[in-house]
Structure formats: C-alpha cells, structure tokens
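Down below is the structure, laid out as structure tokens.
The values are calculated or read from the model by the stated rules, or taken from the named source; none is laboratory data. Since the structure is predicted, the reported quantities are computational estimates derived from the model, not experimental observations. Positions of Cβ are generated from backbone atoms using ideal geometry, with glycine treated the same way; all protein chains shown enter the neighbour counts. Quick note on the areas: whole protein, heavy atoms, side chains included, nothing else; ligands and nucleic acids left out. Shrake-Rupley method; radii C 1.70, N 1.55, O 1.52, S 1.80 Å.
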Amino acid sequence: MTEEQIREKVQSALSPKRFRHVEGVVQTADRLARLHGTDPDHARLAAWLHDYCREWPKEKLLQTAKQHSVNEMFFEVTELLHGHIAAAIAPEEFGIADEDVLNAVRFHTSGRPNMSLLEKVVFLADAIEPGRDYPAIAEIRKLAEEDLHMALALSFDNTIEYLIRRQQPIFPLTVVARNEIWRILKDGRVV
Ligand code: DGI
Ligand code: FE
Ligand code: FE
C-alpha cells in the first residue's frame, strides 16, 4: 500500500476530528524522527496506524483482542486495547510487518520499559501534536525537541497525574516505564 492509500483507509475509519489528530501525529512524528535520528518513514507509518481502531466499541475491541491473542494484562484497562488491535491487524490490512513500527503502534498509549527510539518518538508525537492542549504541553513540546527523555518523563508524569485526578486505574507497565525513564535521567546514563 502507498502512504496515500493508507491515509485514505485510516480516514474512512475515523471521525473528522480524530483524523485531524492523526494527521497532526504524522507531521509531529516525522519531525521528531528527523531531529532524533530515527527513520521518518517508519515514524509516519506508525503514526498513521496508531489510532486506526480508536473508535471501535469496547465489545469489538475485547473480542478482537481475544482472537488475536493479545496478552490478557492489557484487558484490564480497555483504553489500551486500540493500539494492540491496530498492530495485530496491520500486517493483514495494511501489509505492514516491521516489528518496530508495530510496537510503536502497540505501546503508544501505555509506553513500556525499554522503548525503542521509534516507540518514544511516536508516543511523544501523540502527546504533543498541534491539536492537543493541556497545562504542561508547552514545556513538553519544547523539551521534545531538545531532550527526548526529559520530555518523555514529564509526559508520563502528566498522564499519571491526570489519571489520579480522575480516579482512574493506572496501568502497571506505565508506572514501570515512568520509573525507568526517571532513573535513566537521574543516573545521567545515555541510552
Ligand atoms: O488515543 P488518543 O486519545 O490519541 O490517546 P492515547 O492512546 O494516549 O490515550 C487513550 C486514552 O487512554 C486516554 O483517554 C487516556 C487513557 N489512558 C492512558 N493510559 C491509561 C489510560 N487510562 C487508564 N485508565 N489507565 C492508563 O494507564
Ligand atoms: Fe491512541
Ligand atoms: Fe492518538
């Protein structure tokens, strides 16, 4: 499939508002990939796909997750399933087989420990695309250009704070990922 064909297929699966979000993530992922030295074509591809299943009803997400043997730990917070399902059906529906691209789609909501550079770029692009707005965004946008890990750490903290304020469950892997990034930053280790 060409990028234009992928774009049209994604557009037909989403509301206009969410499709504009996806276009914003594509642009931002492309720019961050160039800035931080990972493949912009892979970043754009993952960005196009990341919310392909975002508007599916919960029952369809759960049923498809079972069919595709998505690890049951991800059933616990259904908000996380849309990335896993998009990654599970992408080889068949879009002809995409690159594992790094699929993992960037899979983990774009929760993050995980040991994320690849591509996973980090897509995760942050989703958080800072031009259509997003929340109190910490200006700082995270600025850091995303200068210090990818600091931007990621603040983005994790921001998500966790938001979930706590709303009395929502926090997915354990997100906490592990958040702790890992802060440890890397405080130890001054380069990854
Ligand atoms: O799909 P998007 O809206 O672009 O953004 P997303 O995939 O990052 O997040 C989807 C939703 O999932 C959003 O409303 C926040 C929520 N979410 C993210 N991490 C967690 C979470 N919800 C719970 N309950 N727990 C989490 O750890
Ligand atoms: Fe999403
Ligand atoms: Fe998104």
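Return the tail of the calculated pair distribution for the stretch 48-104, meaning the percent of Cα-Cα pairs more than 16 Å apart.
Values: 571 of 1596 pairs.
When all Cα pairs of the stretch 48-104 are counted, 36 percent exceed 16 Å.
Can you pull the percent of the stretch 3-187's accessible area that's carbon plus sulfur, 1.4 Å probe, other chains left in place? Intermediate values should be presented prior to the final figure.
Details: 4380 of 9170 Å².
Carbon-and-sulfur percentage of accessible area, whole number: 48.
Quick one: ranking Lys9, Lys186, Lys66, Lys60 by accessible area, 1.4 Å probe, largest first, what do you get? Please report the intermediate quantities before stating the final value.
Details: Lys9 60, Lys186 160, Lys66 135, Lys60 90 Å².
Ranking Lys9, Lys186, Lys66, Lys60 by accessible area, largest first, yields Lys186, Lys66, Lys60, Lys9.
If you build a Gaussian network model of the chain, linking Cα atoms that sit under 10 Å apart, which residue out of His149, His36, His68 swings the most?
His68
In whole Å, largest first, what are the principal axis extents of the Cα atoms in the stretch 14-120?
39, 33, 25
Given contacts defined as C-alpha pairs under 8 Å and at least six residues apart, what's the relative contact order of the chain, whole-number percent? Please list the in-between numbers first.
Numbers: 232 pairs, mean separation 39.6, N = 191.
Relative contact order, the chain: 21 percent.
Packing-wise, with mean Cβ within 10 Å as the measure, how do 121-128, 28-35, 101-108, 48-55 rank, highest first? Write out the running numbers ahead of the final one.
Values: 121-128: 27.5, 28-35: 20.5, 101-108: 25.4, 48-55: 22.8.
Packing proxy ranking, top to bottom: 121-128, 101-108, 48-55, 28-35.
Of the candidates Met73, Met115, Met150, which one comes out as most mobile in a Gaussian network treatment of the chain with C-alpha springs shorter than 10 Å?
Met73
Within the chain, how many Lys pairs sit with Cα atoms under 22 Å apart, leaving out pairs fewer than 8 places apart on the same chain?
Final tally of qualifying lysine pairs is 9.
When the label point is put 7 Å from the Cα of Asp98 along its Cα-to-beta-carbon vector, which residues of the stretch 39-63 have a backbone N closer than 17 Å?
39-51
Compute from the Cα atoms of the chain the Rg and the Dmax, the latter being the longest Cα-Cα distance, and quote both in angstrom.
15.7, 46
Take the alpha carbon atoms of the stretch 118-191, find their center, do the same for the stretch 1-70, and report the distance between the two centers in whole angstrom.
Result: 19 Å between the Cα centres.
So what is the accessible area of the chain per residue, in Å², with the probe set to 1.4 Å?
Values: 9780 Å² over 191 residues.
Computed with neighbouring chains in place, this is 51 Å² per residue.
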